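Participant: To start, I am sharing the structure in question, which I have written as structure tokens.
The values are calculated or read from the model by the stated rules, or taken from the named source; none is laboratory data. All values reported here derive from a predicted model rather than from experimental measurement. Please note: Cβ atoms are built from the backbone with ideal geometry, for glycine as well, and neighbour counts cover all protein chains shown. SASA here: full protein model, heavy atoms, side chains in, ligands and nucleic acids out. Shrake-Rupley method; radii C 1.70, N 1.55, O 1.52, S 1.80 Å.
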Amino acid sequence: MTRWTTTAAVKAISAVAFLGFASQAMAADVTWDRLLNAQNDDANWMMYHKDFSGHHHSGLKQINTKNVKDLKLAWQHNPAATKRGIQGFPLAVDGMVYYTTTSGTIWALNGATGQPVWHHAAKIDVERAEGTFYNPYNRGLAIGHGNVYMGTTDGRLIALNAKSGEVVWDNEIMTVAKGNKGFTGAPVIVKDMVILGANGGELAGCCGPIYAVDAKSGSVTWQFDTIGGDQRSRDSWGNDSWKIGGGGGWMTGSYDPATNTVWWGTANPAPDYDYIGGDWMNNGPRPGLNLYSSSVVVLDADSGELSAYFQEMPHDAWDFDSAVGEFLMIEKDGKRNMVHPNKGGIIFVYDADSVGGGNELAVNNAYMIGETYNYIKGVTKEGRLVGRRELPEGKHADVCPAIDGAISWNTGAYNPKRNTYFKLTQEFCFDIEVVNPERPDDFSGQAYFGASWTSKAPKQKADGTPVDAAYGTLQARDPLTGKLKWRVEYKYPVLASLLSTGGDLVFVPGADGMFDARDAKSGKLLWQSNMGTGAHGGVITYMVDGKQYVAVVTGWGSHVAGNYPGLFGAPFDTMSTDTGTLMVYSL
């Protein structure tokens, strides 16, 4: 096993680039054609969601149910101390692995040995970066057109030469003129553009922009504002509250080549909690539906114009936004479906062809996978919420799930051969006190929240079954009907993403540091390795010189992870929150 540390890397290479590794594998240019056909290239993982199907599935099967028991650590890379752990997704291209740390450092490594090739540490405006909630963190990269692209927490987009690490351009894309926001999600390349969305839904500002940036020059091609971007949106925010409306799209969306549209999930409105309770259409801090917060927006890829939308949480009163970046394209019986999870524990199945004209998306089905919810009584097959539990000013006990949702930003995975969607839930609740906050100045960027809370274990499931502890689940379902195939319960909710492979495996990086490989057919545990600390980032697989590798990032300390010491005690009460490692396994 090879172990590379930051100290060793600094001795071996410069801070930006080192060209002496010419004999090592170097990434070929990732063209738009390669990205468009990435689903046919299982040797590489060239974008955050692997390809535009969003399945997080690789057909590689060298590692499979029969031999996964022999999986061992091949190499690991330890970057500098990284606050809140590593939350990003690695990319693997032509024998190279690229990944980011929360501080905005990009590493390029030899995918077979872990030997560093180059790294770049972005100079971040710390005051601005930490002006948004729960920062700093960075969740990944995009690669294409000869460059590696990373958004920063202080509103910049950086392009580096993929082979040398040299800066091609470093541009401020978003100023603080309409609120203090930045970028945390990985960008996605669409044609000759780099698409990325802003964070900051908890801040008094607007307009939660999603940007398309020219991949070669770094200039903005188009901008779509999730809040106040058209008259329909402005009319849905009474008292001009769109000017302090929050919004954004802080995770990585996707692209549908068939309709030439970008699909993106949007963030919560501000303030998160509305003290007015049931009269929210007419009164309170943000009267109305608050479009297009907590929604899915579908944008014309060339112009950025709204092609379609669906508001999953009308007038979101619980912070169950739709910014989860997971969009699964699944075709069945001649119909194209786009599957999208919402933080409230609901899976929405959209008609992927019901786009155009800026109208509502058609919903083919919607179903609950969260188990302890009581914020609603349910959801119709048409995606409409049933029996809302409003939270007017005052104290409310046992609201489920907690603000962090039954579903978080981490992705599931889909095995197309088995038509099985693997998805995680986190089952814990909270006691909350909703307050009437003073309205900040328009576009001020001030914190605008409206509540305080304490996380706790649920008392019962939605069906009345008693519960005495918080827990998590890994569920295997038919993605379109929601039919449950199998279910595994985890003592500690898993906060990392999942990986499905052609070897009939599902890889699960655990909160307690245990890395599992399970049988895709049954959920049976086939292999386990102790990574030494919790994980809440990405896991991928790739191949170099005929050998398959599985790469996972570790590190602990996100906002959601901060609940674990109080909910569970050990090992989380002593788990480090300023470390992280890239660990790579092979046979």
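Participant: Distance from the Cα centre of segment 156-179 to that of segment 50-108, in angstrom?
Facilitator: 23 Å
Participant: Once you keep just the Cα pairs under 8 angstrom separated by 6 or more residues, what percentage relative contact order results for segment 481-553?
Facilitator: Values: 137 pairs, mean separation 18.0, N = 73.
Taking the mean separation of contacting Cα pairs over the length of segment 481-553, I get 25 percent.
Participant: Say R0 is 41 Å: what FRET efficiency, to the nearest 0.05, do K332 and N530 get from their beta-carbon distance?
Facilitator: 0.55
Participant: With an 8 Å cut-off on Cα pairs and a minimum separation of 6 or more residues, tell me the relative contact order of the chain in percent. Working shown, then result.
Facilitator: Numbers: 1799 pairs, mean separation 85.4, N = 587.
Relative CO of the chain lands at 15 percent.
Participant: Excluding K395 itself, what net charge comes from residues whose Cβ is under 10 Å from its Cβ, given Lys and Arg +1 and Asp and Glu -1? Let's see the in-between values first.
Facilitator: Working: positive: none; negative: E393, D431, E433.
Value of the local net charge: -3.
Participant: Segment 367-434: D in µm²/s via Stokes-Einstein (Kirkwood Rh, Cα pairs, 4 °C, 1.567 mPa s)? Write out the running numbers ahead of the final one.
Facilitator: Values: Rh = 13.7 Å.
So the translational diffusion coefficient is about 94 µm²/s.
Participant: Using 0.36 nm per residue, how much length does the chain from A258 to D578 gain when fully extended, once their Cα-Cα distance is taken away?
Facilitator: Numbers: separation 320, 0.36 × 320 = 115.20 nm, distance 4.28 nm.
Additional length available on full extension: 110.9 nm.
Participant: Which entries in the list K191/K216; K191/K343; K191/K417; K343/K417; K66/K524; K61/K521 go over 20 Å, if you measure between the two C-alpha atoms of each?
Facilitator: Listed pairs above 20 Å: K191/K343; K191/K417; K343/K417.
Participant: In nanometres, what is the gap between the two model label sites at N161 and T113, each 7 Å from Cα along Cα-to-Cβ?
Facilitator: Those two pseudo-labels are separated by 2.2 nm.
Participant: Given R₀ = 22 Å, FRET efficiency for D442-D235 by Cβ-Cβ distance, to 0.05? Write down the numbers at each step before the final one.
Facilitator: Numbers: r = 17 Å, r/R0 = 0.78.
It comes to 0.80.
Participant: Here is a further query. So how far, in whole Å, is the C-alpha centre of segment 336-375 from the one of segment 449-477?
Facilitator: One Cα centre to the other: 22 Å.
Participant: Let me ask something additional. Where does the charge balance sit around Y448 when Lys and Arg score +1, Asp and Glu -1, over other residues with C-beta under 12 Å from its C-beta?
Facilitator: Working: positive: K243, R286, R439; negative: E202, D272, D274, E438, D441, D442.
Computed value for this residue: -3.
Participant: Carbon-plus-sulfur fraction of the accessible area of segment 6-586, 1.4 Å probe, in percent? Display every interim value, and only then the final one.
Facilitator: Numbers: 8950 of 18610 Å².
So the carbon and sulfur contribution to the accessible surface is 48 percent.
Participant: PRE reach from D519 (point 7 Å along Cα→Cβ): which of segment 50-93 fall under 17 Å by backbone N?
Facilitator: What the label zone holds, given the 17 Å backbone N cut-off, is 64-70.
Participant: Taking every DSSP beta bridge that has both residues in the chain, what percent is antiparallel when rounded to the nearest 5?
Facilitator: Values: 129 of 138 bridges.
Around 95 percent of the beta bridges assigned by DSSP in the chain are antiparallel ones.
Participant: Measure out, as a whole number of angstrom, how far apart the alpha-carbon centroids of segment 529-587 and segment 261-304 sit.
Facilitator: 33 Å
Participant: Right, next: Please give the contour-minus-distance gain from E360 to D214: 0.36 nm per residue of separation, less the Cα-Cα distance, rounded to one decimal in nm. Intermediate results must be reported in sequence, preceding the final value.
Facilitator: Working: separation 146, 0.36 × 146 = 52.56 nm, distance 2.90 nm.
Working it through step by step, the gained length comes to 49.7 nm.
Participant: What Kirkwood hydrodynamic radius, in Å, does the chain give when the mean of 1/r is taken over all pairs of distinct Cα atoms and then inverted?
Facilitator: On the way: mean 1/r = 0.0426 Å⁻¹.
For the chain, the Kirkwood estimate is 23.5 Å.
Participant: Show K332, K521 ordered by accessible area, largest first, where the area counts protein heavy atoms only and the probe is 1.4 Å. Walk me through the intermediate numbers first.
Facilitator: Values: K332 90, K521 140 Å².
Sorted descending by solvent-accessible area, the residues read K521, K332.
Participant: Then there is this: What is the sum of charges around T153, taking Lys and Arg as +1, Asp and Glu as -1, for the other residues whose C-beta is under 13 Å from the C-beta of T153?
Facilitator: Surrounding charge for T153 is +2.
Participant: When ligands, DNA and RNA are left out and all protein chains stay put, how many square angstrom of accessible area per residue does segment 6-586 have with a 1.4 Å probe?
Facilitator: On the way: 18610 Å² over 581 residues.
Per-residue value: 32 Å².
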